[in-house]
Amino acid sequence: MSEARPIIVTHHAPDLDAIAAAWLLKKFDAQHFADAKIAFVSPGEQMSLAEAEEYGSQLHEITYVDTGGGKFDHHQAEQAQKRVCATSLVYDHLIEIHPELKTDQALQTIVEFATQVDHFEEVYWPEAQNPRHLFMIQELIRGAEYTDPHNDDSQLHFGFQCLENAYASLTQHFKALEIILHKGREIEIQGGKALALLTRNDDTIKVAQKQGYLLVVRKDPKLGHVRIKARPDAPFNLDELMKKILTTDRKGTWFYHGSGKMLLNGSLKNPTQVPSPLSLEQLIVLIKEIYG
């Protein structure tokens with residue numbers, strides 16, 4: 001007789017909390033749930049033995065999230081007044097069995113976001129009425145109920161992909177913060193500061209600009225490509241720097257954006273570009289010369 005396969009059961013029309021809780025189990029408790037099937041019941045209900053057997057499992061192989069009572073459901077009376085949700089309850093379980101996850105800032109951010117949304121703390125967010133909030137993950141998941149109604153599995157897997165993408169972006173974001181803090185080289189320029197970085201992490205450019213740096217230059221230590229960007233509100237454009245670079249660099253392929261704020265050598269959008277031979281030190285000298 002084949003071994004019973006675990007089932008994760010959540011509610012129909014799964015929302016962010018239900019989806020995130022199931023995603024956490026499958027991704028971070030893979031030894032138990034990587035191959036788990038996912039089934040749906042009406043909110044608050046449990047699966048019958050006959051239904052479980054249709055999935056090739058028994059009742060003891062079922063794990064409920066955001067429904068059905070139990071460890072990962074927060075709708076019981078003793079949990080209802082607490083600031084918890086199915087996602088946070090699963091997270092608490094995960095850090096018990098994998099303590100190393102306590103240091104995963106990307107994971108913590110997802111759990112906190114899901115908790116805020118589940119408690120409708122969006123009403124406290126800045127510009128809560130702005131339609132831009134409708135582009136957030138929880139609203140896109142809810143939109144699936146209009147574009148593909150009654151398709152629980154499709155909605156769930158759309159949410160899974162959103163969370164995978166968010167987790168990847170958040171991981172890069174927190175790496176970027178560390179790189180800027182420990183490896184960034186500040187340059188005094190007119191009107192503020194610039195930052196020079198030798199790193200493969202392209203998120204450092206946006207993160208640094210959001211921190212207030214007027215200009216950021218990043219050179220990829222492996223591929224040799226260079227990306228230089230100025231904030232939209234910087235009191236200068238990159239015309240002079242472009243001209244200076246083109247007289248110095250006779251090999252690299254450069255693209256100068258019409259905004260005057262981006263000077264790019266190398267892009268995933270153009271894999272045929274030739275990397276610049278200019279070193280980060282040489283670029284710093286040029287930046288100081290022109291904007292210092």
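A few remarks follow.
- Per-region count, the stretch 117-156, residues part of a helix (DSSP H, G or I) and farther than 20 Å from Thr171 by Cβ: 26
- One residue stands out among those in the stretch 167-191 that are in a strand (DSSP E or B) and touching a residue at least 40 places away in the same chain (Cβ under 8 Å): the one that is surrounded by the most Cβ atoms within 10 Å (Cβ to Cβ), which is Ile187.
- Some residue of the stretch 254-262 being in contact with a Gly (Cβ under 8 Å, 6 or more places away or on another chain), on the phi < 0 side of the Ramachandran plot and at pLDDT 95 or above: no
Per-residue answers, yes or no, for (1) part of a loop (DSSP other than H, G, I, E, B); (2) without any contact (Cβ under 8 Å) to a residue 12 or more places away in the chain; (3) in contact with a strand residue (DSSP E or B) (Cβ under 8 Å, 6 or more places away or on another chain):
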| position | (1), (2), (3) |
| --- | --- |
| Gly224 | yes, no, no |
| Lys243 | no, yes, no |
| Pro275 | yes, no, yes |
| Glu281 | no, yes, no |
| Ile287 | no, no, yes |
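- Any hit, the stretch 251-272, residues being outside any loop (DSSP other than H, G, I, E, B), of a type in the set (A, V, I, L, M, F, W, C), surrounded by fewer than 18 Cβ atoms within 10 Å (Cβ to Cβ) and in the same structural domain as Leu286 (by TED's automatic domain parsing): yes
- So Asp92, is it touching a residue at least 12 places away in the same chain (Cβ under 8 Å), part of a helix (DSSP H, G or I) and surrounded by fewer than 16 Cβ atoms within 10 Å (Cβ to Cβ): no
- Picking from residues in the stretch 226-241 that are part of a helix (DSSP H, G or I) and among the charged types (D, E, K, R), the one that is nearest to Thr272 (Cα to Cα) is Asp239.
- Qualifying residue in the stretch 63-85 (condition: in the same structural domain as Phe160 (by TED's automatic domain parsing), part of a helix (DSSP H, G or I) and in contact (Cβ under 8 Å) with a residue 40 or more places away in the chain): no
- When residues of the stretch 18-49 are limited to those that are modelled with pLDDT under 95 and of a type in the set (D, E, K, R), the one surrounded by the fewest Cβ atoms within 10 Å (Cβ to Cβ): Asp35
- Here Thr204, Thr253, Thr247 are screened, and the one residue that is touching a residue at least 24 places away in the same chain (Cβ under 8 Å) and among the hydroxyl-bearing types (Ser, Thr, Tyr) is Thr204.
- Taken together, Phe113, Phe135 contain a single residue that is under 12 Å from Asp17 (Cβ atoms) and modelled with pLDDT of 95 or more, which is Phe113.
- Any hit, the stretch 24-40, residues being of a type in the set (S, T, N, Q) and either closer than 20 Å to His157 by Cβ or touching a strand residue (DSSP E or B) at 6+ places or on another chain (Cβ under 8 Å) (or both): no
- Answer from Lys102, Lys82 - the residue that is farther than 25 Å from Ala13 by Cα and not aliphatic (A, V, I, L, M): Lys102
- Exactly one residue out of Ile290, Ile228 is surrounded by fewer than 21 Cβ atoms within 10 Å (Cβ to Cβ) and under 26 Å from Gly192 (Cα atoms), and it is Ile290.
- Qualifying residue in the stretch 4-11 (condition: outside any helix (DSSP H, G or I), of a type in the set (A, V, I, L, M, F, W, C), touching a residue at least 60 places away in the same chain (Cβ under 8 Å) and crowded, with 21+ Cβ neighbours inside 10 Å): no
The values are calculated or read from the model by the stated rules, or taken from the named source; none is laboratory data. Here the structure is a predicted model, which is why all the values come from computation and not from measurement. When we count neighbours, we look across all protein chains shown, and the Cβ atoms used for this are built from the backbone with ideal geometry, even at glycine.
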